[in-house]
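K.L.:
If you scroll down you'll find the structure; I have some questions about it.
The values are calculated or read from the model by the stated rules, or taken from the named source; none is laboratory data. Keep in mind the model is a prediction, meaning the values are calculated, not measured. All Cβ positions, even for glycine, are placed from backbone atoms using ideal geometry, and neighbour counts span all protein chains on display.
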Amino acid sequence: MPNPWTGKGNPYTRKEVVARLHKTIKKGEPIIVAGAGTGISAKFIEKGGADLLIVYNSGRFRMAGAGSTCGLMAYGDANAVAMEIGAHEVLPIVEEIPVICGVHATDPRRMMWNWLGQVKAAGFSGVNNFPTHSIVDGLFRGVLEETGMSTKKEIEMAALARRMDLFTIVYVANEEEALGMANAGVDVIIAHAGCTIGGSIGVTSASVGMQDAVDHTRKIITAARKSGRKDIIFLSHGGPILTPDDAAYINTHTDTVGFVGASSLERIAVEQRLPALTREFKAIPSPASKSFFKDATAKPKAKAKSK
């Protein structure tokens, strides 16, 4: 059922969100999930027919013209930013699409059960593990794991959200995380293929190829299925998967049934359409321009003296 007080929209229960997604799958349609960093983005993504909206703290930076990776840096309180965008911009403007809150699960300043309660009370219908440490690697990843800021905390957050009847849609970047999240009872697993390519601030050499993304996604799905669960929904995200054709390729060559787009939907839509629209305005006729300076610099005619 929809919101029990208004009869429409968020928050939905976990079972209600899952049922909506199953309905989409049964119709043979892909599940499309979009990130929204502003209310105007959320409003028109919903009009476009997306199945879910996720509010990421990175959306604020993305729509300010910076890279989405800013969401992983110490440029603000990730949990507070996501809550602010969702509670003040997205939830008040959307009509009925389920809205999911990005949760930074390793934040040591929050009692996670308490924070998830606030997320639920604010009207969100579920949670996502973003910022996620799963896409951090190398020496720094080792430091995070050893100092209590590990992806284990993200798995624990997802398991807690599941017990609190919050819908869970999570990123994983390797097989171990995939199995951990599956055992935690998550509803949707997103195979993260890395930072999104393309546009003015997308990565280039830091991304993998399409076949690598296919192989990576397959491994994640196989690992998650070792849990014995058959009800997990798998989606793709990131790396070379930028366009609808790219997402279709992944769906065709793996067992994913849809795509999660943040930069690839919200940012790319702005980057591609705004320059073209601005050029169209710059091309409109302006006949008065030819005489503007001539008229502006012409000396006023002297008044005839009265007799």
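K.L.:
Gly71 - would you say it is farther than 21 Å from Lys152 by Cβ and either in contact with a Lys or Arg (Cβ under 8 Å, 6 or more places away or on another chain) or touching a residue at least 12 places away in the same chain (Cβ under 8 Å) (or both)? Spell out the reasoning first.
P.N.:
On the way: farther than 21 Å from Lys152 by Cβ: no; either in contact with a Lys or Arg (Cβ under 8 Å, 6 or more places away or on another chain) or touching a residue at least 12 places away in the same chain (Cβ under 8 Å) (or both): yes.
Judged against the criteria, Gly71 is not a match.
K.L.:
OK, next. Do we have any residue at all in region 6-23 that's over 17 Å from the mean Cα position of the chain (by Cα), surrounded by 18 or more Cβ atoms within 10 Å (Cβ to Cβ), of a type in the set (Ser, Thr, Tyr) and closer than 13 Å to Phe124 by Cα?
P.N.:
Yes, region 6-23 contains a residue that is over 17 Å from the mean Cα position of the chain (by Cα), surrounded by 18 or more Cβ atoms within 10 Å (Cβ to Cβ), of a type in the set (Ser, Thr, Tyr) and closer than 13 Å to Phe124 by Cα.
K.L.:
Determine if region 231-245 includes at least one residue that is over 20 Å from the mean Cα position of the chain (by Cα) and either under 24 Å from Gly67 (Cβ atoms) or surrounded by fewer than 24 Cβ atoms within 10 Å (Cβ to Cβ) (or both).
P.N.:
yes
K.L.:
If Met149 passes every condition in (1) more than 17 Å from Gly185 (Cα to Cα); (2) hydrophobic (A, V, I, L, M, F, W, C); (3) in a strand (DSSP E or B) but one, which one does it miss?
P.N.:
(3)
K.L.:
Follow-up question, since we're still on this one. What are the pairs, 6+ residues apart or on separate chains, where a residue within region 136-152 that is under 18 Å from Val103 (Cα atoms) has its Cβ under 6 Å from a residue that is assigned to a helix (DSSP H, G or I)?
P.N.:
The qualifying pairs are Leu144/His133; Thr151/His133; Thr151/Ser134; Thr151/Glu177.
K.L.:
Could you list, in sequence order, the residues of region 244-276 that are under 13 Å from Ile32 (Cβ atoms) and among the polar types (S, T, N, Q)?
P.N.:
Across region 244-276, the qualifying residues are Asn251, Thr256, Ser264.
K.L.:
Given the conditions (1) under 16 Å from Glu95 (Cβ atoms); (2) of a type in the set (A, V, I, L, M); (3) at pLDDT 95 or above, which single one is not true for Ala42?
P.N.:
(3)
K.L.:
Inspect region 99-114 for any residue being crowded, with 22+ Cβ neighbours inside 10 Å and closer than 19 Å to Cys195 by Cβ and give the result as yes or no.
P.N.:
Among the residues of region 99-114, at least one is crowded, with 22+ Cβ neighbours inside 10 Å and closer than 19 Å to Cys195 by Cβ, which makes the answer yes.
K.L.:
May I pose another question? Need the failing condition index for Phe124 against (1) assigned to a helix (DSSP H, G or I); (2) surrounded by 17 or more Cβ atoms within 10 Å (Cβ to Cβ); (3) not basic (Lys, Arg), just the number.
P.N.:
That leaves (1) as the condition not met.
K.L.:
Can you confirm whether region 117-135 contains a residue that is more than 28 Å from Ile25 (Cα to Cα), out of contact with any Gly (no Cβ under 9 Å at 6 or more places or on another chain) and either among the basic types (Lys, Arg) or without any contact (Cβ under 8 Å) to a residue 12 or more places away in the chain (or both)?
P.N.:
yes
K.L.:
Mind counting the residues in region 25-62 that are free of Cβ contacts under 8 Å to residues at least 40 places away in the same chain and crowded, with 19+ Cβ neighbours inside 10 Å?
P.N.:
2
K.L.:
In addition: Restricting the search to region 190-229, which residues are under 18 Å from the mean Cα position of the chain (by Cα), surrounded by 22 or more Cβ atoms within 10 Å (Cβ to Cβ) and modelled with pLDDT of 75 or more?
P.N.:
Of everything in region 190-229, those that are under 18 Å from the mean Cα position of the chain (by Cα), surrounded by 22 or more Cβ atoms within 10 Å (Cβ to Cβ) and modelled with pLDDT of 75 or more turn out to be Ile190, Ala191, His192, Ala193.
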